[in-house]
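The block underneath contains the structure these notes are about, expressed in structure tokens.
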Amino acid sequence: DAKTTQPPSMDCAEGRAANLPCNHSTISGNEYVYWYRQIHSQGPQYIIHGLKNNETNEMASLIITEDRKSSTLILPHATLRDTAVYYCIVRVPAGGYNKLIFGAGTRLAVHP
Amino acid sequence: EPEVTQTPSHQVTQMGQEVILRCVPISNHLYFYWYRQILGQKVEFLVSFYNNEISEKSEIFDDQFSVERPDGSNFTLKIRSTKLEDSAMYFCASSEVGVGSGANVLTFGAGSRLTVL
């Protein structure tokens with residue numbers, strides 16, 4: 001699995017967009033980018049994933065650069081409840097089997 | 001929305017005692033996982049399970065640990081003789097079998113906090 005690099009922490013004002021970067025310069029052609037988050041010792045929560053194209057769902061948007069070496073998770077209007085550790089994980093889908101390896105992630109603090 | 005259910009939410013035990021943590025995965029999911037998180041540390045993979053057998057395990061998952069799917073709904077993690085360092089949050093997760101990237105999304109439970117005294 002490709003290694004990812006994320007900043008250890010970020011701040012964001014409530015109501016503003018939170019842009020969380022992830023570098024994955026060794027990503028291979030069939031590896032997807034997955035984002036999860038963990039709110040204060042709760043179970044990790046899936047957010048979004050993508051391969052090449054930008055993706056959007058009800059939680060967030062994922063922007064993947066054309067060379068696929070980096071991506072950005074965007075929370076368009078951050079709320080206090082978005083304070084969490086965000087994990088960027090690169091992985092090849094394997095018929096449903098998906099052993100995720102979590103790094104340290106980015107600790108996002110949303111403040112009033 | 002379907003969810004993974006874990007019990008108990010918190011268990012306190014004495015060192016050397018056996019502990020069983022229980023999980024009810026999402027009903028149409030066939031891959032099951034256990035992870036743990038020691039306070040302040042990363043979420044660590046322990047074991048994955050498919051078709052009634054372990055498909056992969058980490059170095060952490062030694063002979064003190066075992067997993068079982070005793071019936072069609074439960075998935076359990078047993079620690080035979082707990083140690084102080086087993087104190088952690090234990091998360092169960094499941095994923096469905098299928099092709100395509102969406103089938104690889106893990107759904108996690110809320111976790112079971114184990115405290116070993």
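No value in this document is a laboratory result; all are computed from the given coordinates. Source: prediction; values computed, not measured. Here the Cβ is made from the backbone with ideal geometry for all residues, glycine too, and neighbour counts use every protein chain on show.
In what sequence do B:K42, A:K3 fall when counting other Cβ within 10 Å, fewest first?
Ranked by crowding around the Cβ, least crowded first: A:K3, B:K42.
What FRET efficiency comes out for B:H10 versus A:H77 if R0 is 35 angstrom and r is the Cβ-Cβ distance? Round to the nearest 0.05.
0.55
For chain A, which longest stretch is free of loop sites, where a loop site is one of the GluC sites (Glu not before Pro) that DSSP puts outside H, G, I, E and B and that has at most 10 other Cβ atoms within 10 Å?
For GluC sites (Glu not before Pro) (loop position, at most 10 other Cβ atoms within 10 Å), the longest site-free span of chain A is A:1-57.
How well do other chains shield peptide A:97-106, expressed as the mean number of their Cβ atoms within 10 Å of each residue Cβ?
Mean number of neighbouring Cβ atoms from other chains: 6.
Spelling out what I want: for every residue of region A:4-16, take phi, set θ = phi - 60°, compute 6.51 cos²θ - 1.76 cosθ + 1.60 (Karplus), and round to whole Hz; glycine and proline get x.
3J(HN,Hα) across region A:4-16, in whole Hz: 10, 10, 10, x, x, 8, 8, 10, 8, 7, 4, x, 8.
When chain B is modelled as a GNM with alpha-carbon springs shorter than 10 Å, which of B:Q41, B:Q17, B:Q64 fluctuates the most?
B:Q41
What number, in percent, do you get for the relative contact order of chain B if the mean sequence gap of Cα pairs under 8 Å and at least 6 apart is divided by its residue count?
It rounds to 38 percent for chain B.
What's the longest bit of chain B with no exposed GluC sites (Glu not before Pro), using DSSP loop states and at most 15 other Cβ atoms within 10 Å as the test?
B:60-117
My understanding is that a pair violates if its Cα-Cα distance is over 22 Å; which of A:K69/B:K57; B:K57/B:K83; A:K52/B:K42 do that in this structure?
The pairs that break the limit, which is 22 Å between Cα atoms, are A:K69/B:K57; A:K52/B:K42.
Relative contact order for chain A: what is it in percent, counting Cα pairs under 8 Å that are at least 6 residues apart?
36 percent
Per the protein assembly as shown: cysteines with no other Cys C-beta under 4.7 angstrom?
A:C12
Would you mind telling me which residue in A:Y32, A:Y97, A:Y87 has the biggest mean-square fluctuation in a Gaussian network model of chain A, where springs connect alpha carbons within a distance under 10 angstrom?
A:Y97
Can you list residues from other chains, or at least 5 along the same chain, whose modelled amide H is less than 5 Å from the amide H of B:Q17?
B:T82
If the elastic network links every pair of Cα atoms under 10 Å, which of A:N53, A:N23, A:N98 fluctuates the most in the Gaussian network model of chain A?
Checking each option, the largest mean-square fluctuation is seen for A:N98.
Treating the beta-carbon of each Lys and Arg as +1 and of each Asp and Glu as -1, no other charges, what is the dipole magnitude of the protein assembly as shown about its Cα centre, to the nearest 20 debye?
For this selection, approximately 300 debye.
Which residue, B:Y31, B:S81, B:Q11, has the largest displacement toward the positive end of the dipole of chain B when charges sit on each Cβ (Lys, Arg +1; Asp, Glu -1)?
Of B:Y31, B:S81, B:Q11, it is B:Q11.
How many Cβ atoms of partner chains, on average, are near each residue of A:40-47 if near means within 10 Å of its Cβ?
Per-residue shielding by partner chains comes out at 6.
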